[in-house]
Amino acid sequence: MKRKATRILALLLTAMLVLTACGNNGGSQNTPPADSSNNGDTGSGTPAPAPSNGGEPLKDLITWESTGTRELEGFFILNTEKSADLNVLCNAYSPLLEIDNYGKLNPAVAKTWGTQDGGKTWHFELRDDVTWVDVNGNEKAKCTAQDWVTAMEWILNYEKNGANNTSMLVTLVEGAQEYYDYTKNLAETNPGAAKALTTENNPEFDKVGIKAPDDYTLDYTCVSNCPYFDTLCTSAALYPVSQAEIDEKGVDNMIGMSNETMWYNGPYTITSYIMNNEKVLTKNPSYWDKDCTLFDTVTIVMIDDGTKDDQLYQTGEVHNCELNAATLKTITDNPSNEYYNQLVETRLRKFSYQYQLNFAKRNPDGSMDTNWNTAVANEAFRKSLYYGLDLTTTWARANRINPLSLENLCFTMQGLLYFSDGTEYTQRVIEKLENIAPAGGDTPRRFNPDLALQYKEQAMKELEGKVTFPVQIDYYIQSGSSTALDGATILKENFERTLGSDYVQLHICEYVTSVTQEVVNPKLQSFQGNGWGADYGDVENFLDQIVYGDDSAYYAMKYNNINELTDPETIALFEEFTRLEREAKNTFDDMDARYEKFAEAEAFLLNHALAIPSNYENAWQLTQINDYSKMYALYGCQTYTYKNWETSTVPYTAEDYARFVEEYNANAS
């Protein structure tokens, strides 16, 4: 039995490596949740194919998310860049293009698309049978090309949308930066004036590179040649909104819309939403894609503890679970366990996680946390953390069988793009990083305790009289979550083990409901663990988020707060990184040269420890879902679209998943 387990594990790990190179718990689940079997009619108009393991396709899918990090907080797709929102909203809205399970772009609302001048201009021909409906399925309006024009104006209008989803558009679309600047200035000098603007009789917006010559034709003009612009169609920045909906609600009520007041043109409507409890998605009978397969309903159960999905799977109340370390150990230690042969790995998700340092931290009373801010502005202090963290035990909480597979050395997600000679981009970045051990060892490649202690000694000398040691590091978790507390306790040990509690002490703090409202907005955290997934297929979408002096830079504005820095040396580092990054993103004529310059910029950011990469994301699971049938790409917001999924009333096994991987790789090559 041990040899069999080793064989299955080897099959899965080998398959995962192949997939990477090509390009968030236990009991019996033989009895599925009530009413989950299907008579074959799950589609918008097409019967679901029979699963390959002898079961029947599921009619009503029941899955789960965590309340602490994955709860939906906004229903307007143009106003959010949070994956917790987009993972649901991608089911409520229809894009121009969508990805398939191989990451290939396919027609959606756009029937055809292309460029004839190397990516300077892009032309889309749209379907004429897409409609907007309310939560009850009543038709509200036709979806036309003008809805994408209206959406562009909304996103670029600072007084309407702040800076949400602007970073891509101001970079890529002709006139977008100028219109954003115009509305921001107008909002500051004449409050309310920009909010009243629409696309009609708006000469400033007429200069933006988007036009709808007729109801079903859409044209974009880029700042310069942009051969990857069509990948942006999978991002929230290029989703539509109807002016009729804005007129119905009023501008001030758009951002605060609910599932009951929003309009839908996607495969599902959100028919029920109970915050931190559950949400129910119901198949939209007016959805345009009559050839796809959909579930009748998708129920997303919210859990406040990482062990509860294990329990819900045991009792047949959800169709998948990601195993916590204790449950996984129980199963793997006993080859006779009923779930032993059902252990399968999730696919590597599109997110590159980092510890985002807060350079302008505040105390709960609103005053500046001078001690932390002074310490984190010191490069030796940052590097002591950068090299002194052995995160193996943290990774093992998600993947105790192969924790080092989650090690992340870069800011950008691996597998996003490749040089023309086949070199994967992040491998080029790693070549430029300092003091990284060769691959293949049994310890993390960045972890270097001797070097970390050297930087500790240097930092204590340089900060003598300026900082009180130990430096308190405030790390926030959700109150009442035993899983979060366990993870934070392990992280505290990781921070203090090598460097010593005389130097740093991680202080575990709590928030009640919203980390954004209670922690991030008041800037209370010393650092925040965050994962970024690309909105489109280019490195700039990662590095744009941490540039200096740009209010569309999501991390810089929301987590790092670098524009509030006062330390001249740290400011100079961020300015130099920004210069390198801007030079890279303005290189369009030679894509290899573009990627090489981005690699230089990214390596500069990391060699100065201005951010600390932490992990990739996957897990071991028990499931009735074939992950290899899902939409899958390392960019965009469509991966959680519940469309064309293969599911089964019978749980999948490791043998099933090994076959899925083999078939997937054969069809992908």
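The values are calculated or read from the model by the stated rules, or taken from the named source; none is laboratory data. Note that the coordinates shown come from a computational prediction; the quantities given were computed from them, not determined experimentally. For neighbour counting, all protein chains shown are included, and Cβ atoms are generated from backbone atoms with ideal geometry for every residue, glycine included. SASA here: full protein model, heavy atoms, side chains in, ligands and nucleic acids out. Shrake-Rupley method; radii C 1.70, N 1.55, O 1.52, S 1.80 Å.
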List, please: which pairs have Cβ atoms under 6 Å, are six or more places apart or on different chains, and start with a residue in region 343-355 that is within 21 Å of A633 (Cβ to Cβ) and end with one that is open to solvent by 20 Å² or more (accessible area, probe 1.4 Å)? K350/L634; F351/G531; Y353/G531; Y353/N615
Within the bounds of region 642-656, is there any residue that is acidic (D, E), farther than 30 Å from L580 by Cα, at pLDDT 95 or above and not in a helix (DSSP H, G or I)? yes
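Per-residue answers, yes or no, for (1) under 28 Å from A398 (Cβ atoms); (2) among the acidic types (D, E); (3) open to solvent by 10 Å² or more (accessible area, probe 1.4 Å):
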position	(1), (2), (3)
G487	yes, no, yes
I508	yes, no, yes
L524	yes, no, yes
D535	yes, yes, yes
D551	no, yes, yes
F577	no, no, no
Total residues in region 461-483, condition closer than 20 Å to N494 by Cα and either surrounded by fewer than 15 Cβ atoms within 10 Å (Cβ to Cβ) or over 36 Å from the mean Cα position of the chain (by Cα) (or both): 1
State which residue is modelled with the lowest pLDDT when the search covers only region 47-72 and only residues that are open to solvent by 40 Å² or more (accessible area, probe 1.4 Å) and part of a loop (DSSP other than H, G, I, E, B). P47
Out of the residues in region 325-352 that are outside any helix (DSSP H, G or I) and open to solvent by 30 Å² or more (accessible area, probe 1.4 Å), state the one that is modelled with the lowest pLDDT. R349
Enumerated helices (runs of 4 or more DSSP H) restricted to region 526-631, each holding at least 1 residues that are under 30 Å from V661 (Cβ atoms): 540-543, 591-607
Taking F598, is it open to solvent by 20 Å² or more (accessible area, probe 1.4 Å), more than 20 Å from the chain's Cα centre (by Cα) and over 26 Å from L294 (Cα atoms)? no
Result of the Cβ filter at 6 Å on region 208-229, keeping first residues that are over 22 Å from D535 (Cβ atoms) and partners that are modelled with pLDDT of 95 or more and surrounded by fewer than 17 Cβ atoms within 10 Å (Cβ to Cβ), at least 6 apart or interchain, is K211/D219; Y216/D128
Of the residues R446, R428, R382, only one is open to solvent by 40 Å² or more (accessible area, probe 1.4 Å) and of a type in the set (D, E, K, R); which? R428
Leading residue by the ranking (surrounded by the most Cβ atoms within 10 Å (Cβ to Cβ)) among those in region 618-655 that are closer than 23 Å to N324 by Cα and hydrophobic (A, V, I, L, M, F, W, C): L622
Which of the residues spanning region 307-319 are touching a helix residue (DSSP H, G or I) at 6+ places or on another chain (Cβ under 7 Å) and either assigned to a helix (DSSP H, G or I) or farther than 19 Å from L72 by Cβ (or both)? T307, D310
From Y216, Y228, Y220, Y239, which residue is under 21 Å from V170 (Cβ atoms) and more than 23 Å from the chain's Cα centre (by Cα)? Y220
Return a yes/no flag: does region 199-208 have any residue that is within 26 Å of A108 (Cα to Cα), modelled with pLDDT of 95 or more and within 30 Å of the chain's Cα centre (by Cα). yes
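Residues are listed down the side, and each one gets a yes or a no for (1) buried (at least 20 other Cβ atoms within 10 Å of the Cβ); (2) closer than 21 Å to K140 by Cβ:
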| residue | (1), (2) |
| --- | --- |
| L232 | yes, no |
| A237 | yes, no |
| V251 | no, yes |
| T271 | no, yes |
| L281 | yes, yes |
Scan of region 77-108 for residues that are open to solvent by 10 Å² or more (accessible area, probe 1.4 Å), over 24 Å from G256 (Cβ atoms) and assigned to a loop (DSSP other than H, G, I, E, B), ordered by number: D100, N101, Y102, G103, K104
